[in-house]
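Trainee: Below you'll find the structure I mean.
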Amino acid sequence: MSSTDYVHENPTSRARWAIGVGDLTQAAVFAALIAALGLPGTITIGPSGVPITLQTLGVMLAGAILGWRKGGLAVIIFSLLAIAGLPILAGGRTGLVSLTSPTAGFFIGWLPAVVVIGILTATMMPRYRVLPGIVINIVGGMGVIYLFGTIGLLLRTDLSWWGALSTNGIYVAGDVAKAVITALVARQVHRGYPGLIRPLRIRRSTGGA
């Protein structure tokens with residue numbers, strides 16, 4: 001009989017998915033951080049109209065410090081407030097304005113990006129390491145967001161696949177800097193406040209008679 005034939009629910013499993021007041025507070029703080037990082041405004045370079053903002057730094061920080069669950073909740077809170085009409089996206093835009101623009105994919109990509117960063121970060125916990133953290137932030141905070149943004153540009157503009165993909169080139173240096181800053185900040189936070197992210201271990205079940 002395989003060890004996976006029976007699934008037993010236990011309190012620890014339920015607790016992993018529970019959202020407490022502390023979790024909500026942390027998520028709300030990071031939602032506010034993402035909003036605050038939009039106050040400096042935007043810089044638009046190139047014909048694509050994709051703005052340079054600091055808010056993707058907030059997304060990376062949410063995933064690297066809070067993990068996929070609380071970090072995802074922070075992005076959801078922020079996104080719902082933006083879609084509800086609050087001008088908290090960089091440049092004073094609302095969520096609906098962003099979603100109806102050619103750059104909608106970049107905004108939509110924030111949630112999967114924070115989830116990817118959070119999950120990958122959890123695999124190296126409880127000790128956060130800077131170099132793997134930078135790689136994780138690049139994969140999630142750049143790769144995932146660029147993917148969704150490129151798809152959005154393809155759907156909303158007449159750009160070719162290569163044309164849409166190449167528009168990301170001018171943003172790479174700045175986003176790599178954000179990935180590095182995020183890793184350095186996350187290391188210090190996790191040193192001072194261990195346990196913010198529950199370690200994730202992939203367990204293999206073994207078969208039995």
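Trainee: Going by the conditions given, is GLY71 among the small types (Gly, Ala, Ser) and modelled with pLDDT of 95 or more?
Mentor: Details: among the small types (Gly, Ala, Ser): yes; modelled with pLDDT of 95 or more: yes.
Yes, satisfied.
Trainee: Looking at ILE197, ILE181, ILE108, ILE119, which is the one that is touching a helix residue (DSSP H, G or I) at 6+ places or on another chain (Cβ under 9 Å), under 18 Å from GLY71 (Cβ atoms) and open to solvent by less than 60 Å² (accessible area, probe 1.4 Å)? Step through it out loud before you land on a result.
Mentor: On the way: ILE181 fails: open to solvent by less than 60 Å² (accessible area, probe 1.4 Å); ILE108 fails: open to solvent by less than 60 Å² (accessible area, probe 1.4 Å); ILE119 fails: open to solvent by less than 60 Å² (accessible area, probe 1.4 Å).
Only one candidate passes the filter, namely ILE197.
Trainee: Here are some residues: THR121, THR150, THR167. Which one is touching a Leu at 6+ places or on another chain (Cβ under 7 Å), assigned to a helix (DSSP H, G or I), among the hydroxyl-bearing types (Ser, Thr, Tyr) and at pLDDT 90 or above? Can you show your working first?
Mentor: Details: THR121 fails: touching a Leu at 6+ places or on another chain (Cβ under 7 Å); THR167 fails: at pLDDT 90 or above.
So the residue among THR121, THR150, THR167 that is touching a Leu at 6+ places or on another chain (Cβ under 7 Å), assigned to a helix (DSSP H, G or I), among the hydroxyl-bearing types (Ser, Thr, Tyr) and at pLDDT 90 or above is THR150.
Trainee: Does any residue of the range 161-177 turn out to be of a type in the set (D, E, K, R) and open to solvent by 30 Å² or more (accessible area, probe 1.4 Å)? If you could, list the steps in order and put the result at the bottom.
Mentor: First pass over the range 161-177, keeping only residues of a type in the set (D, E, K, R): 175.
Within this subset, residues satisfying the condition of being open to solvent by 30 Å² or more (accessible area, probe 1.4 Å) are none.
No: the range 161-177 contains no residue that is of a type in the set (D, E, K, R) and open to solvent by 30 Å² or more (accessible area, probe 1.4 Å).
Trainee: Moving to a separate point now. Please state which one of SER98, SER48 is open to solvent by less than 50 Å² (accessible area, probe 1.4 Å), modelled with pLDDT under 95, over 21 Å from VAL185 (Cα atoms) and not in a helix (DSSP H, G or I). Show your work before the answer.
Mentor: Values: SER98 fails: not in a helix (DSSP H, G or I).
Going through SER98, SER48 in turn, the sole match is SER48.
Trainee: Mind counting the residues in the range 187-197 that are within 19 Å of GLY22 (Cβ to Cβ) and not β-branched (Val, Ile, Thr)? It would help to see each step written out before you state the result.
Mentor: Of the range 187-197, the ones within 19 Å of GLY22 (Cβ to Cβ) are 189-190, 192-197.
Filter once more, so that each one left must be not β-branched (Val, Ile, Thr): 190, 192-196.
Residues meeting the conditions: 6.
Trainee: Can you find a residue in the range 102-113 that is polar (S, T, N, Q) and either closer than 19 Å to ALA36 by Cα or touching a residue at least 60 places away in the same chain (Cβ under 8 Å) (or both)? Don't jump to the end; show me each part of the working.
Mentor: Filtering the range 102-113 for residues polar (S, T, N, Q) gives 103.
If we keep only those that are either closer than 19 Å to ALA36 by Cα or touching a residue at least 60 places away in the same chain (Cβ under 8 Å) (or both) too, we end up with none.
Looking for residues that are polar (S, T, N, Q) and either closer than 19 Å to ALA36 by Cα or touching a residue at least 60 places away in the same chain (Cβ under 8 Å) (or both), one finds none in the range 102-113, hence no.
Trainee: Kindly list the number of the only condition in (1) in a helix (DSSP H, G or I); (2) open to solvent by 60 Å² or more (accessible area, probe 1.4 Å) that fails for PRO126.
Mentor: (1)
Trainee: What are the pairs, 6+ residues apart or on separate chains, where a residue within the range 82-93 that is farther than 12 Å from PHE107 by Cα and touching a residue at least 60 places away in the same chain (Cβ under 8 Å) has its Cβ under 6 Å from a residue that is assigned to a loop (DSSP other than H, G, I, E, B) and of a type in the set (Gly, Ala, Ser)?
Mentor: Close Cβ pairs satisfying both conditions: none exist.
Trainee: Which one of LEU131, LEU155, LEU86 is part of a loop (DSSP other than H, G, I, E, B) and open to solvent by 50 Å² or more (accessible area, probe 1.4 Å)?
Mentor: On the way: LEU131 fails: part of a loop (DSSP other than H, G, I, E, B); LEU155 fails: part of a loop (DSSP other than H, G, I, E, B).
Only one candidate qualifies: LEU86.
Trainee: Take the range 134-146 and flag every residue that is among the aliphatic types (A, V, I, L, M) and surrounded by fewer than 17 Cβ atoms within 10 Å (Cβ to Cβ). Show your work before the answer.
Mentor: Applying the first criterion (among the aliphatic types (A, V, I, L, M)) to the range 134-146 yields 134-136, 138-139, 142, 144-145.
Matches in the range 134-146: VAL135, VAL139.
The values are calculated or read from the model by the stated rules, or taken from the named source; none is laboratory data. As the structure is a prediction and not an experimental result, all values here were calculated from the model. Using ideal geometry, Cβ is built from the backbone for each residue, glycine included, and neighbour counts are taken over all protein chains shown. For accessibility, only protein heavy atoms count, side chains too; no ligands or nucleic acids. Shrake-Rupley method; radii C 1.70, N 1.55, O 1.52, S 1.80 Å.
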